[in-house]
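Only one structure is covered here, and it is reproduced in the block below.
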Amino acid sequence: MMLWSGDATPGPKALELARDAGVINVNGGNTDVNADNPSLSHISPIGRPERDLLYQIYAPILNENVYTNLWHGPYYGFKRLVETFEITEKPYRLKPYTIYFHFYSGEVPAGLDALHYNIDYVLAKENTPVHLSQYARIAKDFYFSALAKNTRGEWLFSSKYIKTLRLPAIFDVPNMTNSQGILGVTAQGNYIHVGDEIATINFDHTTPDNQPYLLSANVAFSNWQVNGPVSFKAWIEAKIELKNARNCQFISHMGKRFSGKTFGNTTQFTLPAGEFYGYLNCATRAQ
């Protein structure tokens, strides 16, 4: 992965060389919005398109250098990153939680304290940690994804890396039984979890829809199938919520079984951090 340095404004030739070498590129942008300047003009777009399908993906949020007046102080200024988080997540999330810092944040106690403050804030929130390289692939795919409606009234979504799709408030929740390529939908009905590169989203509820499906998870799934193989990477303890899954279990490739706790129609599972390869069994509960 290439992180642009200096003014982080590479020309078309540099972007072309990175693309042709198969190297993801990130950096630049100017997202530093805070409570003193709560304006969209302080929030950069996802990236900068150039000619010939070239894209520079911007850093989601700027680093401590900007929040501390180019490291001239106040050194606790990076604590204002939390203000950026709060402004860019409501009413719609515009940027992911991003703590972008240099090692010199540890030079002075105030800088180190600000870094701990931001990390503690993020860890206390519900989120899904990912590598910057994964974010960059998702961000670039924003420019290549497509959404269309077929003659049956179903929505078709095509994307290689984008796995979450926000629904407008006027939409109903999808019918999971009639849909294809989606893992589930949040309990609030505002986000769809996408599994396949091409998903068919059906909103016709004239047929029953009682199959288990995903409500939420803090992991990145690489494989998902009810009563079939499941794999994911969890950077922290995995927390997965399913609906209609009272009789479901995750079974690891080593044979370890993970049962959930059910509250109403929601079943919550907790699995250890790390790589998971196994099976989601929703047929019968093992005795």
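The values are calculated or read from the model by the stated rules, or taken from the named source; none is laboratory data. Given the structure is predicted, the values throughout are model-derived calculations rather than measurements. When we count neighbours, we look across all protein chains shown, and the Cβ atoms used for this are built from the backbone with ideal geometry, even at glycine. Just the protein is used for accessible areas: all its heavy atoms, side chains included, with ligands, DNA and RNA removed. Shrake-Rupley method; radii C 1.70, N 1.55, O 1.52, S 1.80 Å.
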Rank Trp235, Trp224, Trp71 by mean-square fluctuation in a GNM of the chain with C-alpha springs under 10 angstrom and give only the top-ranked residue. Trp71
When a/c reaches 1.5 or more, the comparison of a/b and b/c decides; with that in mind, is region 25-99 rounded, prolate or oblate per its Cα gyration tensor? oblate
How do 55-68, 4-17 rank on mean C-beta neighbours within 10 Å, highest first? 55-68, 4-17
Please report Rg (one decimal) and Dmax (integer) in Å for the Cα set of region 154-225. 11.3, 32
Sorted by chain and number, the residues with a modelled amide H under 5 Å from that of Tyr55, at a separation of 5 or more or across chains, are Glu50
Given labels modelled 7 Å from the Cα in the Cβ direction, how far is it in nm from Glu16 to Asp196? 3.8
May I ask you to give the percent of accessible area on the chain that is carbon plus sulfur, with a probe radius of 1.4 Å? 54
For Ala234, residues with placed amide H under 5 Å, excluding near neighbours: Gly274, Glu275, Phe276
Among (1) 72; (2) 56; (3) 62, the entry derived from the coordinates for percent of Cα pairs over 23 Å apart: (3)
What translational diffusion coefficient, in µm²/s and rounded to a whole number, does the Stokes-Einstein relation yield for region 1-67 at 25 °C and a viscosity of 0.890 mPa s, taking the hydrodynamic radius as the Kirkwood radius over Cα pairs? 193
When the helix-only estimate is applied to the chain (DSSP H runs of n ≥ 4, each -39,500 (n - 2.57), divided by the residue count), what is the mean residue ellipticity at 222 nm, nearest 500 deg cm²/dmol? -4500 deg cm²/dmol
Residue (of Ala124, Pro74, Asn37) at the positive-pole extreme of the chain, dipole from beta-carbon charges: Ala124
Using a 1.4 Å probe on the protein heavy atoms only, what accessible surface does Arg257 show? Give it in Å² to the nearest 10. 120
Probe 1.4 Å, all protein chains in place: accessible area of Glu50 in Å², nearest 10? 60
Candidates Gln180, Gln211, Gln188, ranked by Gaussian network fluctuation over the chain, Cα under 10 Å, top entry: Gln188
Rounded to 0.05, the calculated FRET efficiency for the beta carbons of Val122 and Thr207 at R₀ = 35 Å is 0.25
Under the rule rounded for a/c under 1.5, else prolate if a/b exceeds b/c, else oblate, using alpha carbon gyration tensor axes a ≥ b ≥ c, region 30-162 is classed as prolate
With θ taken as phi - 60° and the coefficients 6.51, -1.76 and 1.60, list the Karplus ³J(HN,Hα) couplings across region 115-130 in order, rounded to whole Hz; mark glycine and proline as x. 5, 4, 4, 5, 5, 4, 4, 5, 5, 7, 9, 6, 7, 10, x, 9
Spelling out what I want: for every residue of region 155-167, take phi, set θ = phi - 60°, compute 6.51 cos²θ - 1.76 cosθ + 1.60 (Karplus), and round to whole Hz; glycine and proline get x. 9, 10, 10, 10, 6, 7, 10, 6, 10, 9, 10, 7, 8
Region 141-287: translational diffusion in µm²/s, Stokes-Einstein, Kirkwood Rh over Cα pairs, 20 °C, 1.002 mPa s: 135
Candidate residues Ile240, Ile43: accessible-area rank, largest first, probe 1.4 Å: Ile43, Ile240
Name the long-range amide H neighbours of Asp204: under 5 Å, sequence gap of 5 or more, or other chain; modelled H, no Pro or chain starts. Asn175
Rounded, prolate or oblate: pick one for region 233-287, where a ≥ b ≥ c are the square roots of the eigenvalues of its C-alpha gyration tensor, a/c under 1.5 means rounded, and failing that, prolate if a/b is larger than b/c, else oblate. oblate
With x for Gly and Pro, the residue-by-residue ³J(HN,Hα) of region 146-154, computed from phi through the Karplus equation 6.51 cos²θ - 1.76 cosθ + 1.60 at θ = phi - 60° and given in whole Hz, is 9, 9, 8, 10, 8, 6, 8, x, 8
To the nearest 20 debye, the chain has a Cα-centred charge dipole, built from +1 on Lys and Arg Cβ and -1 on Asp and Glu Cβ, of 780
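With Cβ to Cβ distances under 10 Å as the rule, what net charge do the other residues near Asn265 carry (K, R +1; D, E -1)?
So the surrounding residues net to +2.
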